[in-house]
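The values are calculated or read from the model by the stated rules, or taken from the named source; none is laboratory data. This structure is a prediction, so every number in the text was calculated from the model and none was measured. Positions of Cβ are backbone-derived with ideal geometry, glycine not excepted, and every protein chain shown enters the neighbour counts. Side chains included, ligands, DNA and RNA excluded: accessible areas come from the protein's heavy atoms. Shrake-Rupley method; radii C 1.70, N 1.55, O 1.52, S 1.80 Å.
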Amino acid sequence: MRTVIVRLVEPEQSGGQLRGLLEEVGGEAVPFTGTDALIELLCSAAGLKRDRA
């Protein structure tokens, strides 16, 4: 199991869609738009592959 610390930078909701920057501690902030993109970034940071079944 891997522990990953992330923070949302400047999150906002516009037109019903969440967007902002996701920053893994010690890494670069990565922009995202939408909850699916946020989940993908979180899974990637944790080293997990998301099952789209």
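Find the accessible area per residue for the chain; the probe is 1.4 Å, ligands and nucleic acids are left out, and the unit is Å².
Working: 4170 Å² over 53 residues.
The answer is 79 Å² per residue.
Probe radius 1.4 Å, ligands and nucleic acids left out: which of LEU48, LEU22 has the largest accessible area, and how do the rest follow?
Numbers: LEU48 110, LEU22 15 Å².
If we order LEU48, LEU22 from most to least accessible, we get LEU48, LEU22.
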Inset, instruction - Grab the alpha carbons of the chain, take their convex hull, and tell me the volume per residue in Å³. - result: 77
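With +1 on the Cβ of every Lys and Arg and -1 on the Cβ of every Asp and Glu, and nothing else charged, how large is the dipole of the chain about its Cα centre, in debye rounded to the nearest 20?
On the way: 6 positive and 8 negative charges, 48 e Å.
Computed about the Cα centre, the dipole is about 220 debye.
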Legend entry - With every protein chain in place, the chain: carbon and sulfur % of accessible area (1.4 Å): 51
Legend entry - Linear extension gain, VAL25 paired with ILE5, 0.36 nm per residue minus alpha-carbon span: 6.6 nm
